[in-house]
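The values are calculated or read from the model by the stated rules, or taken from the named source; none is laboratory data. These numbers come from a predicted model, not from an experiment. A quick note on method: Cβ atoms are made from the backbone with ideal geometry, for glycine too, and the neighbour counts reach across all protein chains shown.
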Amino acid sequence: MIDLYRRSVHLMMLLASSAGLLACGSLDNASNRIVGVVTPYKVDIVQGNFVSKEQSALLKPGVTRAQVRDILGTPLLMSLFHADRWDYVFTIQRQGLPSQLRKLTVTFKGDELDRIDAEPMPSEADFVASLDSARPAGKVPVLELSEESLKQLPVPAKKVDAKPLPPLPTNYPPLEPATR
């Protein structure tokens, strides 16, 4: 009897461990299917200085370094080995969209701007439109009231002239007693 009991316990343990291993394999496949459907949120990564077409149009040869800094901001790259060169680099990485990379390099002779090397820059309006293109277009609410809606609004109550407040005191009692 004890031998039969021992064999049945061994058989149940073997079946339980087999069932556990099978369950782990099916959970692993289920989790892979879930991960394929649900994607985590990824933060937009924006680095550098955005330089617009309007800003780059203000740059002319002969402009001083201070004026360039006022127009474009502090450069992203200033090399110790190339003191007469400033690099403005802008990158943006967003989920589901290709990365954007824009570069503008200004070269100085002394304190004056000598040369501008840049790829075509978008205008500010074009850049903002490219940022909004990833968002789904929703229904825009009407922000005006019709004549009928205006008539349905409650009429504000007329203000009753209140008595004027008494004048403020000119002297105040002391905050602490005079003697300690």
Self-check item: Failed condition for residue 42, given (1) modelled with pLDDT of 80 or more; (2) more than 30 Å from residue 92 (Cβ to Cβ); (3) not aromatic (Phe, Trp, Tyr)
Solution: (2)
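For region 154-170, does any single residue satisfy the condition of being more than 30 Å from residue 38 (Cβ to Cβ) and either in contact (Cβ under 8 Å) with a residue 40 or more places away in the chain or not in a loop (DSSP other than H, G, I, E, B) (or both)?
We begin by selecting, within region 154-170, every residue more than 30 Å from residue 38 (Cβ to Cβ); these are 154-170.
Now drop any that are not either in contact (Cβ under 8 Å) with a residue 40 or more places away in the chain or not in a loop (DSSP other than H, G, I, E, B) (or both), which leaves none.
Among the residues of region 154-170, not one is more than 30 Å from residue 38 (Cβ to Cβ) and either in contact (Cβ under 8 Å) with a residue 40 or more places away in the chain or not in a loop (DSSP other than H, G, I, E, B) (or both), which makes the answer no.
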Quiz item: Can you find a residue in region 60-67 that is modelled with pLDDT of 90 or more, loosely packed, with under 15 Cβ neighbours inside 10 Å and either touching a Phe, Trp or Tyr at 6+ places or on another chain (Cβ under 7 Å) or not in a loop (DSSP other than H, G, I, E, B) (or both)?
Solution: yes
Quiz item: Within the bounds of region 97-117, is there any residue that is at pLDDT below 85, surrounded by 12 or more Cβ atoms within 10 Å (Cβ to Cβ), of a type outside the set (Asp, Glu) and part of a loop (DSSP other than H, G, I, E, B)?
Solution: yes
Quiz item: Mind checking whether some residue in region 167-179 is among the aliphatic types (A, V, I, L, M) and at pLDDT 85 or above?
Solution: yes
Quiz item: What pairs come up if the first residue lies in region 107-133 and is free of Cβ contacts under 8 Å to residues at least 24 places away in the same chain, the second is of a type in the set (S, T, N, Q) and surrounded by 13 or more Cβ atoms within 10 Å (Cβ to Cβ), and their beta carbons are under 6 Å apart, counting only those six or more places apart or on different chains?
Solution: 117/105
Self-check item: Long-range neighbours under 7 Å by Cβ, at least six apart or interchain, first residue among the hydroxyl-bearing types (Ser, Thr, Tyr) within region 84-95, second surrounded by fewer than 18 Cβ atoms within 10 Å (Cβ to Cβ)
Solution: 88/49; 88/76; 91/47; 91/99; 91/100; 91/101
